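Everything on this sheet refers to the single structure shown next.
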Amino acid sequence: HGVDRKVLGPGMQDVARKHAGRADRVEYLAGKIVGGAAGTWGAIPMPAQNIPKADAQALAQWIAAGAAR
């Protein structure tokens, strides 16, 4: 993922915009980071990331806030 452009997966700012209306977006995104995801952005799945829950929450908060550079 790039911050403001697609690399292999969508840009983080695109992810932020897509989920901006979700009240549970931080928890949702943290779950996708830890558990992986498939089908939301195309055929290539994102594998689960083996990181501490606190790190996933921090990443999800950054993305949910707009993924500023």
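The values are calculated or read from the model by the stated rules, or taken from the named source; none is laboratory data. Bear in mind that the values here come from a model prediction, so they are computed numbers and not experimental data. Cβ coordinates were reconstructed from backbone atoms using ideal geometry, including for glycine residues, and neighbour counts include every protein chain displayed. Accessible surface is based on the protein model in full, side chains and every heavy atom, while ligands, DNA and RNA are left aside. Shrake-Rupley method; radii C 1.70, N 1.55, O 1.52, S 1.80 Å.
Worth a mention:
- Per this entry, D4 is counted among residues that are part of a loop (DSSP other than H, G, I, E, B), acidic (D, E) and either open to solvent by 70 Å² or more (accessible area, probe 1.4 Å) or touching a residue at least 12 places away in the same chain (Cβ under 8 Å) (or both).
- Index of the failed condition, K53 passing every other in (1) closer than 16 Å to M12 by Cα; (2) of a type in the set (K, R); (3) more than 10 Å from the chain's Cα centre (by Cα): (1)
- Flag if I51 is buried (at least 18 other Cβ atoms within 10 Å of the Cβ) and modelled with pLDDT of 95 or more: no
- In region 13-28, the residues that are over 14 Å from H1 (Cβ atoms) reach residues that are among the polar types (S, T, N, Q) and surrounded by 13 or more Cβ atoms within 10 Å (Cβ to Cβ) with C-beta atoms within less than 8 angstrom, at least six apart or across chains, in these pairs: V26/Q57; V26/Q61.
- Those residues of region 43-69 which are over 17 Å from R17 (Cα atoms) and assigned to a loop (DSSP other than H, G, I, E, B), in sequence order: A43, I44, P45, P47, A48, Q49, N50, I51, P52
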